[in-house]
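Peer 1: One structure follows; several queries about it will come next.
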Amino acid sequence: MAEKPPTTPRPDQVLVNRTIAAIATAPGRGGIGVIRISGKDLSVFAQALSSKQPPARVATLVNFNAADGLAIDSGLLLYFPAPHSFTGEDVLELQGHGGPVVMQLLLARCLDLGARLAEPGEFTRRAYLNGKLDLAQAEAVIDLIDAATATAARSAVRSLQGEFSKEIHGLVEQLVELRALVEATLDFPDEEVDFLQSADAFGRLNRLQQRLATVFDRAGQGKLLQSGLHVVLAGQPNVGKSSLLNRLAGDELAIVTPVAGTTRDVVRGSLQLEGIPLHVIDTAGLRETTDEIEKIGIERAWREIERADVLVLLVDARTGSGEAEQSILARLPAHLARITVYNKIDLAGRAAERHEESGGVAIQLSAKSGEGIELLRQELLRIAGWHPAEDVFIARERHLQALLEARDHIAAAQSQLGRLELFAEELRMAQRALCAITGEFSADDLLGEIFGRFCIGK
């Protein structure tokens, strides 16, 4: 039958009833600064701070007073009584002037009144522990803050609003229904019930696998929006790596000269490709050299290649690929996706094109004129596995791993249809993997890792 989330309080729930406070706005000067407070029965706290009893969910203009009654600042006080607040506890928001000194004075006053300084992500963590958000929604908070593109931000909002969680819950419901039928059959072994036919086990499993594949595809797209694609430009000196970086980025990021070996260190550029953050790294020309500085640049180039998602190997279209390029290819990691770019077609008298060649894809282009650049962009999207989708939700590596684990258990269940005990166990393990996404089954160290990446005040 369906498993219920553990009811034993986690160790961190011991702290839930303690009042916490933090500056919720970014460091530095600003027109407005916000201090957020969460805890139990904060109406007394608000009275001591402002000499007023604020109404619920109404912005009230007050003076924020020090212990001697003198005003520290004036601003708006908002009171959100439990459970109708972000954390599920009483929440106060103090909106004052955004100077660093006045914010620190106001925070110190809150600490004097009995609050303690919040830990990173503790407000969102309390929202999760109090059932206001599930774990996938909580992670979407920091994904929204960290979003590098508008597409990533929209996808994070979908996850924050629960679209990803809704899909996971839908999968779990299908598993629960199937498990219930299986376990009912196990409870009455003497009944002449043809489980495979009456429960439509094959049909249910197939529908479950199809839905899981769709969710995995949407989550994979979301993971790409979050992490982006790391592309390294490599090749011999003076083949146009810096020119290609500048062309892709639309800016003069790297120095371009006819002198071989101009680039001696890695140069990074970031751009968007269909909403995907593309991190392009220009490296020093790969060749044998006695120049100590150039040697260091070449060593760094190889380190970047080892960490890359895609390698773009540039070749001069006039000379083609030779022993030097083959030597570079021989050192590449086996898993690394590769595109061979034949640059300078404007000088070689060739047209832009994409074609297959031994070991990968080749594109002929001119970084100087821009001819063929769109072919390279489309190839990068193809390698990334991107396709247009408006219903993508942001996802993390742990979400993808959980979906893969569930997929494997469902596939294993399919091979155990003749042994219902093993079939039921595989379904149970698949359900457990999916529930880890939303936090129904989560280890405390995972929670610490997730919320530790949040900023203080969130």
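Peer 1: Do any trypsin sites (Lys or Arg not before Pro) in region 34-106 lie in a loop, going by DSSP, with at most 15 other beta-carbon atoms within 10 Å of their beta carbon, and if so which?
Peer 2: 40, 52, 57
Peer 1: Between residue 73 and residues 5 or more places away or on another chain, which pairs have amide H atoms under 5 Å apart, with H built 1.01 Å from N, and which residues are they?
Peer 2: 64
Peer 1: Give me a comma-separated list of calculated 3J(HN,Hα) values for region 303-311, in order, Karplus coefficients 6.51, -1.76, 1.60 applied at θ = phi - 60°, integers in Hz, x for any Gly or Pro.
Peer 2: 5, 5, 4, 5, 9, 6, 8, 9, 10
Peer 1: When the convex hull of the Cα atoms of region 95-142 is projected onto a plane and the area is averaged over all directions, what value comes out in nm²?
Peer 2: Over all viewing directions, region 95-142 projects a mean Cα-hull area of 4.4 nm².
Peer 1: What list of ³J(HN,Hα) values in whole Hz, one per residue of region 409-415 in order, does the Karplus curve 6.51 cos²θ - 1.76 cosθ + 1.60 (θ = phi - 60°) give from phi, with Gly and Pro shown as x?
Peer 2: Residue by residue, region 409-415 yields 5, 5, 5, 5, 4, 4, 7 Hz.
Peer 1: Starting from the residue with the highest accessible area, list 169, 399 in decreasing order, probe 1.4 Å.
Peer 2: Numbers: 169 70, 399 5 Å².
Highest to lowest solvent-accessible surface, that is 169, 399.
Peer 1: Here's another thing I want to ask about it. Could you work out how much longer the chain between residue 177 and residue 419 gets when fully extended? Use 0.36 nm per residue separation minus the Cα distance between them, nm to one decimal.
Peer 2: 85.3 nm
Peer 1: Now for a separate question. Compare the peptides 375-385, 217-227, 232-242 by average per-residue count of other Cβ atoms within 10 angstrom and give them in order, highest first.
Peer 2: Ranked from most to least packed, the peptides come out as 232-242, 217-227, 375-385.
Peer 1: Once phi is turned into ³J(HN,Hα) by the Karplus curve 6.51 cos²θ - 1.76 cosθ + 1.60 with θ = phi - 60°, what whole-Hz value does each residue of region 232-245 show in order, with x for glycine and proline?
Peer 2: Calculated HN-Hα couplings, in order: 10, 9, 9, x, 5, x, 6, 9, x, 4, 5, 5, 5, 4 Hz.
The values are calculated or read from the model by the stated rules, or taken from the named source; none is laboratory data. Keep in mind that what you see is a predicted model, and the values were worked out from it rather than measured. As a convention, Cβ positions derive from the backbone with ideal geometry for all residues, glycine included, and neighbour counts pool all protein chains shown. These accessible areas exclude ligands, DNA and RNA; they are computed on the full protein's heavy atoms, side chains included. Shrake-Rupley method; radii C 1.70, N 1.55, O 1.52, S 1.80 Å.
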